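Notes to accompany the following structure.
The values are calculated or read from the model by the stated rules, or taken from the named source; none is laboratory data. All of these numbers come straight from a predicted model, not from anything done at the bench. As a convention, Cβ positions derive from the backbone with ideal geometry for all residues, glycine included, and neighbour counts pool all protein chains shown. Only protein heavy atoms, including side chains, enter the accessible area calculation; ligands, DNA and RNA are left aside. Shrake-Rupley method; radii C 1.70, N 1.55, O 1.52, S 1.80 Å.
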Amino acid sequence: MASAEKTSSGELPPRTRHEDDRSAGSEAQDDYSLTPVPEEARRSWFSVAVQRFGQVSSFQQFMVGAVLGYGMTFTDALIAITVGSVMLEIVTILLGIAGVREGVSTSVLARWSGFGRKGSAAVGVLVAFSLAGWFGVQNGVFAHGMHNLAGWAPAWVWAVLGGAAVTAISVFGFSIMAWTAYLAVPAFLVLAGWSVWETLVGHSLDELLTGAPPGPVMSLAEGTTLVAGAFILGALMTPDMTRFNRRPSDVVKQTLLGVTLGEYVIGLTAVMLGHAARTADIVGIITTSSGLLGTLILATAILKINDWNLYSSALATVNSVDVLFGRRIGRRGVTLAIGVAGTVLSALGVVDDFTGFLTAIGMLAPPVAGIIIAEYYVVRRHRARLDQARRTGVLPDHGPDWQPLSLICWAVGTLVGTYLEVGIPAINAVVAAFALYAVAGRALYARRDTPARGNPLDRTV
């Protein structure tokens, strides 16, 4: 594509649609990985809500609930789930509304929401690595579970089959993932419900609701931390999904429905399972209830969460490559490459050794959410550019490469989340990064809109 001529002011004019060498069809096929999702490509709130519910009603949520039930009374577990869920819903809704308004993924939004171009690449690398790792880990869980249930094939064969299935679905993008959720979510709920009923039958409801925890006692702070930490990365990636919504009210509805039902229905049911089975091994409880039933539960549970791990990882990678190397690569090809790599590593059992590392670097994610929210809603330094982009459908071409303030806030938020011994680490990190960026950003940038031309704060660094 020929380079654009500079205006009299020395700035590059925004690109028009005709200057982009990618057709509308190729953008749609690529799921608008680097461009705003147009109005005609937006979906009904239900289409997105089913996928959001699929994320928070997964096996992970069952496992969190079972751990709570094993170490807490039902009442304490209810309080932990309530506190953790409310905090997650606030973060999810704020990020989700930004996503539906601007129509872009989290890593692209970060370019004009606190981080700058190069900073958004750093965010993208963190997200891509984390989610690709969890894709491999969960595929490994699926493989070992299937091997235990149906021992006719070794675990690596199941890893290849599971990884290939999820990769194929994710390659085709949002539309196929939506139809997968329509099938997998109800199937998971029905099958898991049947298994839960078989486990709980014969136990007194009063015993389950008022009995002492069967395992080592877990504090309320520990329980709330577990709830919030389990979904904070999913909350950060909310714009990847909500950019396909039509209006902010859709985000509110689907978040309240998905998070509330997912956390309360799935989480509290698992709490009772922990009490009834007197173990935190929810995978063992459900998958051993019946060979065929357990197989189907495990397959639908992994399928409806792992496709989003892979999909969001690919979106973040596309943004990072575009920023760092100036090359636009196709989301489908990236998805396929990450899916193959994750599948191979899970088949070899290598990713199992990285679970602790992935959990550790997960503490870098919460401050990112706080900074994006602070810039988008409080400091608003780049809102004028984003408002213009929303009217034209073309993202701004210029802006800072780095914003040192965001890097400082990112580091401070991570340190607060890691070392502050009071409160919930993930929420502490979000709040600390948000508060510091909001206060310092307002003081440094002074104006709510874009600085005047020539202002040194608007230059790349």
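Here are the numbers for the structure shown:
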read-out	value
For the chain, the Rg and Dmax computed from alpha carbons only, in angstrom	22.4, 80
Carbon and sulfur %, accessible surface of the range 103-226 computed with the full protein complex present, 1.4 Å	74
Amide H within-cut-off set for Met218, under 5 Å, with H built and near neighbours excluded	Met72
In sequence order, calculated HN-Hα J values of the range 240-250 (Karplus, 6.51, -1.76, 1.60; Hz; x Gly/Pro)	4, 8, 6, 5, 8, 6, 9, 8, x, 4, 4
Residue-normalised accessible area of the chain, expressed per residue, 1.4 Å probe, Å²	41
With all protein chains modelled, accessible area of Ser313 [1.4 Å, Å²]	0
The chain: angle of helix 365-374 to the longest principal axis, Cα-based, in degrees nearest 10	50
Helix 267-277 axis, angle to the chain major axis (alpha carbon atoms, nearest 10°)	30
Hz values of 3J(HN,Hα) by residue in the range 322-333 - Karplus curve (6.51, -1.76, 1.60), Gly and Pro given as x	4, 6, 7, 10, x, 10, 8, 10, x, 5, 4, x
Estimated 222 nm signal from helices in the chain, with DSSP H stretches of n ≥ 4 weighted -39500 (n - 2.57), rounded to 500	-22500 deg cm²/dmol
List His144, His203, His382, ordered by accessible area with a 1.4 Å probe, largest first	His144, His203, His382
Stokes-Einstein D in µm²/s, Kirkwood radius over Cα pairs - the range 70-171 at 37 °C with 0.692 mPa s viscosity	191
For the range 80-116 versus the range 196-230, the gap between their alpha-carbon centres in whole angstrom	30
Cα long-axis angle, helix 220-236 against the chain (0 to 90 degrees, to the nearest 10)	50
Overall Cα dimensions of the range 188-280 - principal axes, largest extent first, Å	47, 31, 18
Solvent-accessible area of Lys118 with every protein chain in place, 1.4 Å probe, in Å² to the nearest 10	60
Compactness of the range 361-435 as Cα Rg over 2.2 N^0.38 Å, two decimals	1.28
With all protein chains modelled, accessible area of Glu198 [1.4 Å, Å²]	90
Local electrostatic count at Ala440 - Lys and Arg +1, Asp and Glu -1, tallied over other residues with Cβ under 13 Å	+1
List Phe354, Phe325, ordered by accessible area with a 1.4 Å probe, largest first	Phe325, Phe354
Solvent exposure ordering (accessible area, 1.4 Å, most first) of Val271, Val350	Val350, Val271
Principal axes of the range 308-363: Cα extent on each, largest first, Å	34, 26, 20
